[in-house]
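Colleague: Pasting in a structure now, in structure tokens, and then I'll have a few things to ask.
Readers should treat all values here as calculations from the given coordinates under stated rules, not as data from a laboratory. It should be emphasised that the depicted structure is a prediction, and the values quoted were computed from it without experimental measurement. All Cβ positions, even for glycine, are placed from backbone atoms using ideal geometry, and neighbour counts span all protein chains on display.
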């Protein structure tokens, strides 16, 4: 077996984990976390990612994590993160940064929550942990996006009208307005929140965005929901919305399409549904520069997405503003699998770089 790259970690990252501080359900992950959990910052994480990609044996070790990420392990980590923070727990920090490394390598942990509404209600009720407040707010926001489909969350949302954080209450109002179809009382409630003068600046910003959401046209809300589904690989929602909206319409705030976001988050399943729903693989990105194929060529695990794009008519000969084809991008990033795919489709030989 290849030697794990401990030499790339600084001294803090090589300290041993205390098994007594790690939930029993996560002990099977501890050897991997000990070896790969760089707590020294982004630079070390990128170096570890490069080391893993350069050695199939090392990469295979990290690819074991999703198999070890059982429902019990996920639940144990959730409860653990409610009790401890990254700054207070070296063990928690090691696990957290290992998960960041997995994300850098496009290794996705399986989701064990089959009911998305129940998962959001669970987040809405969280009161412990440093991230509890933001999680409650984003839970209310995602419930608002689902509108009448989220009727099962009504009781939890009504209880959350008394949440201690004004930004949570604001987004709870939005969710209730869209679920019940009665906007005006909740618009008044959010305006009353804004009239209060003692909110922190960040809370006021979220309250203002909640008020703006109430005034957003339904078709634009549907596009934003499609974008969110592309990020999270919510295939059920994507399949429903591609029949209702212009799938190539970009978000009004940052000008990105659902296809851009599905590629950027390494979700080939979402990419497939979007392409089947009419997504244009040759549409340029928000800067009028690269196509979807350029974006996929850049990704560490772009192969499956490249194949999907080519199958649906992506043109490998299109160039970006720097005059680069997708193959040029893959070569610059040294993405060997992507290079092989694009060389095969373009008839380019390796010595023609």
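Colleague: Could I have the simple spin-label model distance between residue 239 and residue 56, label points 7 Å from Cα toward Cβ, reported in nm to one decimal?
Modeller: 3.4 nm
Colleague: Specify the inter-centroid distance of the stretch 72-86 and the stretch 304-337, based on alpha-carbon positions, in whole Å.
Modeller: 40 Å
Colleague: Counting only C-alpha contacts under 8 Å and six or more residues apart, can you give the relative contact order of the chain as a whole percent?
Modeller: Over the chain, the number comes to 9 percent.
Colleague: Let me see the P(r) profile for the chain: every Cα-Cα distance counted, bins of 20 Å, each bin given as a percent of all pairs.
Modeller: Percent of Cα pairs in each bin: 25, 53, 22, 0.
Colleague: Please compute the Cα-Cα pair-distance distribution of the stretch 6-104 with 10 Å bins starting at 0, giving whole percents from short to long.
Modeller: P(r) for the stretch 6-104, in whole percents per bin: 16, 52, 30, 3.
Colleague: Multiplying the sequence separation of residue 87 and residue 155 by 0.36 nm and subtracting their Cα-Cα distance, what value in nm do you get?
Modeller: Residue separation times 0.36 nm, minus the Cα-Cα distance, leaves 21.0 nm.
Colleague: So how far apart, in nm, are the two label points at residue 15 and residue 78 if each is 7 Å from Cα heading toward Cβ?
Modeller: Modelled inter-label distance: 3.0 nm.
Colleague: Label residue 24 and residue 115 with points 7 Å out from Cα along Cα→Cβ: what is the distance between them in nm?
Modeller: Calculated label separation equals 2.8 nm.
Colleague: What is the order of 157, 194, 102, fewest Cβ neighbours within 10 Å to most? List each step's numbers first, then the result.
Modeller: Working: 157 26, 194 15, 102 21.
In increasing order of surrounding Cβ atoms, one gets 194, 102, 157.
Colleague: With r defined as the distance between the Cβ atoms of residue 108 and residue 318 and R0 fixed at 30 Å, what FRET efficiency is calculated, to the nearest 0.05?
Modeller: 0.55
Colleague: Given C-alpha coordinates of the stretch 219-352, what is the ratio Rg to Rh with the Kirkwood estimate of Rh?
Modeller: Taking Rg over the Kirkwood Rh, I get 0.98.
Colleague: Another question, if that's okay. Based only on the alpha carbon positions, what is the Kirkwood hydrodynamic radius of the stretch 116-215, in angstrom?
Modeller: Kirkwood hydrodynamic radius for the stretch 116-215: 13.1 Å.
Colleague: For the stretch 197-241, rounded, prolate or oblate, judged on the Cα gyration tensor with a ≥ b ≥ c (square roots of eigenvalues), a/c < 1.5 rounded, else prolate if a/b > b/c?
Modeller: It is oblate, given that a/c is not under 1.5 and a/b is not larger than b/c.
Colleague: Sort 207, 32 so that the residue with the fewest other Cβ atoms within 10 Å of its own Cβ comes first and the one with the most comes last.
Modeller: Placing the least packed residue first, the sequence is 32, 207.
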